[in-house]
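> Before anything else, here's the structure in question.
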Amino acid sequence: MNRRTTAWAVALAAVLCLTACSADSTEPPAAPPAASAPAPAPEPEPEPEEPAAAEQSVAEACVSLAAPMQEAAATLSALSTASSDPQTAVDAWTALVDAYTSAAASITNADVKSAVAAVAEHTGAVRDILSKVYVDGDTGAAAEITAITQDWQASFTELNTLCMG
């Protein structure tokens, strides 16, 4: 029963953290002020000969995580059947690992990319230990759950701190 409680606590923490990460932090643009006379047309700026690959800001990189994390959060809803179908729970964690890995590949901000990669790695470790214990029945591996979930939580906290300021 204690292992099941730990698994549910980890799952709940993941859903709550994903919700915080995927919250829409953008506001709609303000309406332009009314003008009494039309403004002169701006002169077009010359286009650069070769566009430079710009690194995302931390905020831009964090916002880019919203869509993949919302999709992953929906997948984690499959955890409600974890007690009767552990493989479904492992598959949901796999989808979460895939979402983080995919997001990390598309992020150009080095700090956020590194933090997302660490979360992907630790999420994979949580998935692997849950698979060992609940799918494979390796109860000896249950002792590793606490340390692995602490590593996962630390990397997730680092990402949240980076993105939330």
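None of the figures in this text is laboratory data; all of them are computed from the coordinates on show. Because the structure is predicted, anything quoted here is derived from the model rather than measured. Because the Cβ atoms are built from the backbone with ideal geometry, glycine has one as well, and the counts that use them run over all protein chains shown.
> Multiply the residue gap between Ser102 and Glu121 by 0.36 nm, knock off their C-alpha separation, and tell me the result in nm, one decimal place. Walk me through the intermediate numbers first.
Numbers: separation 19, 0.36 × 19 = 6.84 nm, distance 1.22 nm.
Computed gain between Ser102 and Glu121 is 5.6 nm.
> Can you compute 3J(HN,Hα) from phi for each residue in the range 60-68, using the Karplus curve 6.51 cos²θ - 1.76 cosθ + 1.60 with θ = phi - 60°, rounded to whole Hz and x for Gly and Pro?
5, 5, 5, 5, 5, 7, 4, 4, x
> Can you list the residues of the range 90-132 with backbone N under 17 Å from a point 7 Å past the Cα of Ala74, pointing along Cα to Cβ?
92-100, 103
> Taking 7 Å along the Cα-to-C-beta vector as the label spot, tell me the Glu158-Asp138 distance in nanometres, rounded to one decimal.
Result: 2.5 nm between the two label points.
> If each residue's Cβ is checked for other Cβ atoms within 10 Å, how do Tyr100, Tyr134 rank with the fewest at the top?
Working: Tyr100 25, Tyr134 22.
Starting with the residue having the fewest Cβ neighbours, the order is Tyr134, Tyr100.
> List the relative contact order of the range 93-148 as a percent without decimals, with contacts defined as Cα pairs under 8 Å and 6+ residues apart. Write out the running numbers ahead of the final one.
Values: 42 pairs, mean separation 17.5, N = 56.
RCO, the range 93-148: 31 percent.
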